[in-house]
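Undergrad: One structure, pasted below without further comment.
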Amino acid sequence: MEERAFAKLNLTLDILRKREDGFHDLRMVMQNVALCDEISLEERDREGMTLHTRAAYLPTDENNIAVKAAKVFARETGLSLPGLDLTIHKRLPVCAGMAGGSSDGAAVLRMLRRRYRPDMGREELERIAALVGSDVPFCVRGGAALAEGRGERLRDLPGLPDCTVLLCKPDFPISTPELFGLVRVKKLRFHPDTAGMLRALERGDLEEICRYVYNVFEDVLPRKYQRVWEIKRQMLELDALTAAMTGSGPTVFGIFADEAAAREAARVLEREYRQVYVTAPWNEKLVQED
């Protein structure tokens, strides 16, 4: 079995409140792009699950979301899975705010459902996904969606119209718990206009969509991460219609109406940064409605 695991972007990311369980209620417009990992799964005679990857920095035990996903699937379905060999061909940058690990886990869930529980509906698969991680339900579904709660409540959206997306990840991670720890919801200066973004997506107006792109984490980003703002500035100077950090960063994405301009911007950014990618929106749903 083979499956692709697509990167996600946050066209908007809003934090509404801190919950009693310590998590935050979020409202996010999420969008897949075509940049992806490739995942394969093969049955074998031996018991257990083995993960193979050339990316030496990836854990190969349950600390890897892909392995965790398989174990949660088996537990929630009551299935006794055969021995499995899982191989991840890693292309997505890690610790990047693009749900690379969550997307790998979601790909595993889709494969296991297809092979062992083809009768399982999308809602049940996404329920299992939420037990694996907050971004995993969206990554299971794919395309574009409004995500609320911790990310488990999803509403399908029309995705970005035809455009080119430029991604640039600076050479440092940003701790998600650190950023959440800095958020004081009542002190946030700005919030994205999510309703405006939804209307713009319905109309398919790229320039209007770009006016509504915003991530509240940028409001609390410490100065030690100023490279994020520098990359944004460079992209805008190089003709991006908009630029923003995705998720908890540090990856910055820019949306370009013109592919040639995006590729020229990539050449400029590659002089300073190793992880620069030119891609496009991916609007296909990966699991259809029940």
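The values are calculated or read from the model by the stated rules, or taken from the named source; none is laboratory data. Source: prediction; values computed, not measured. Cβ coordinates were reconstructed from backbone atoms using ideal geometry, including for glycine residues, and neighbour counts include every protein chain displayed.
Undergrad: Across the range 14-31, what is the number of residues that are surrounded by 21 or more Cβ atoms within 10 Å (Cβ to Cβ) and either on the phi > 0 side of the Ramachandran plot or in contact with a Pro (Cβ under 7 Å, 6 or more places away or on another chain) (or both)?
TA: Total satisfying the criteria: 2.
Quick grid of which residues meet (1) of a type outside the set (D, E, K, R); (2) in contact with a strand residue (DSSP E or B) (Cβ under 6 Å, 6 or more places away or on another chain); (3) over 24 Å from R19 (Cβ atoms):
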| position | (1), (2), (3) |
| --- | --- |
| L182 | yes, no, no |
| H191 | yes, yes, no |
| F217 | yes, no, no |
| V220 | yes, no, no |
| Y225 | yes, no, yes |
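Undergrad: With among the charged types (D, E, K, R) and over 27 Å from P161 (Cα atoms) as the only criterion, which of R46, R91, R110 stands out?
TA: Result of the check over R46, R91, R110: R46.
Undergrad: Write out, first by first residue and then by second, each pair whose Cβ atoms fall under 8 Å of each other, whose residues are 6+ apart or on separate chains, and whose first residue, in the range 245-265, is in contact (Cβ under 8 Å) with a residue 60 or more places away in the chain while the second is basic (K, R) and assigned to a strand (DSSP E or B).
TA: T246/K8; G247/K8; P250/K169; T251/K169; V252/K169
Undergrad: Listed residues E202, E148, E178; which is surrounded by 14 or more Cβ atoms within 10 Å (Cβ to Cβ) and either in contact with a Pro (Cβ under 9 Å, 6 or more places away or on another chain) or outside the structural domain of A262 (by TED's automatic domain parsing) (or both)? Working first, answer last.
TA: On the way: E202 fails: surrounded by 14 or more Cβ atoms within 10 Å (Cβ to Cβ); E178 fails: surrounded by 14 or more Cβ atoms within 10 Å (Cβ to Cβ).
Exactly one residue qualifies, and that residue is E148.
Undergrad: Let me ask something else. Counting only residues that are within 11 Å of G101 (Cα to Cα) and either surrounded by fewer than 20 Cβ atoms within 10 Å (Cβ to Cβ) or touching a strand residue (DSSP E or B) at 6+ places or on another chain (Cβ under 9 Å) (or both), how many does the range 45-67 have?
TA: Qualifying residue count, the range 45-67: 6.
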